[in-house]
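The values are calculated or read from the model by the stated rules, or taken from the named source; none is laboratory data. Predicted model only: the values in this text are computed from it and were never measured. Cβ: placed from backbone, ideal geometry, glycine included. Neighbour counts: every protein chain shown. Please note that ligands, DNA and RNA were not included when accessible areas were found on the heavy atoms of the full protein model with its side chains. Shrake-Rupley method; radii C 1.70, N 1.55, O 1.52, S 1.80 Å.
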Amino acid sequence: MAIEYQAIRKEGLSTQIANAIRKAILDGALSVEERLPSETELADRFGVSRATVREAMKRLAAQNLIRSERGASGGAFVNRITFDEARGDLVGTTRLLIGMNNIPFEDAIEARYLLESSCLALACENRSEDDLTAMAREIGLQSGDLTDEDFCDSDVRFHSVIAKATGNPLLMFQVSGAIEAMQPLMNMLVYRLRDKKHIAGLHDRLRDALGNRDSVAAQTVLEEIAAYTRQLAELRRAPKEDPAN
């Protein structure tokens, strides 16, 4: 193990220790499943109390970077973070950033569709029959009588299949996370104005393009979906006419 046991300032002791251990994990100095030194050892090496070390460990556990096991062979171990766990963090953080920083709706639309656009060539090349079947299943649902909430869920699943179809786990993580974070917010803002059957039709054309491995056609349809979303956003902002006029 190679944690940097540098001098600790008095302010934020537990945060500094947590950051030092986190850096060792991210740099690969601490391996997945490796056992960390005991609280007493860490306290001695950092020159702090065991209570301070315990607080640092709580911070790392909250970030899902370590886990604790009981028993003679127990202790604190470096955790293996799954893609699903990390995607959940990405979705939550993205939603907070949008909600708390007043990100313009247009910027969210631009980012969301540019990210999905980056998937299209690989998705067309690597898509499987199972991917096409999953997309067709969602289109069938969207063509029926879904509630607004169920339609939104289906919309997210449909576009997430495109990210999955790339076969690239990092791209799938980034893009599906962005879709899961932004699509519900976008749907929530325009759901009263959208034509569900029109969207299902666009999705059907997008599925056909992937089925034909035609990335140019897929890009054209995705741009139409983005344009339709922008149109709905404009309608949402348009001032309502005064009934007296």
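Of note:
- Rh by Kirkwood over Cα pairs, then Stokes-Einstein D for the chain at 0.890 mPa s and 25 °C, µm²/s: 116 µm²/s
- Rounded percent of accessible protein surface that carbon and sulfur make up, the chain, 1.4 Å probe: 52 percent
- Lysine pairs in the chain whose alpha-carbon atoms fall under 25 angstrom of each other, counting only those eight or more residues apart or on distinct chains, come to 6.
- For A217, net neighbour charge (Lys/Arg +1, Asp/Glu -1) across residues whose Cβ lies under 9 Å away: -1
- Cα convex hull of the range 14-94 - mean projected area over all directions, nm²: 5.8 nm²
- For the range 106-227, the solvent-accessible area with a 1.4 angstrom probe is 46 square angstrom per residue.
- Each residue of the range 51-68 was assigned a 3J(HN,Hα) from its phi angle through the Karplus curve 6.51 cos²θ - 1.76 cosθ + 1.60 (θ = phi - 60°); the sequence is 4, 5, 4, 4, 5, 4, 5, 4, 5, 5, 5, 5, 8, 6, 8, 9, 9, 10 Hz, with glycine and proline shown as x.
- Nearest 10 degrees, 0 to 90: helix 215-237 Cα axis against the chain principal axis: 90 degrees
- Ranking by accessible area, most exposed first, for R207, R192 with a 1.4 Å probe: R192, R207
- Three-way shape call for the range 76-217 based on the alpha-carbon gyration tensor, with the a/c threshold at 1.5: oblate
- Computed from Cα atoms alone, the Kirkwood hydrodynamic radius reported for the range 153-223 is 12.9 Å.
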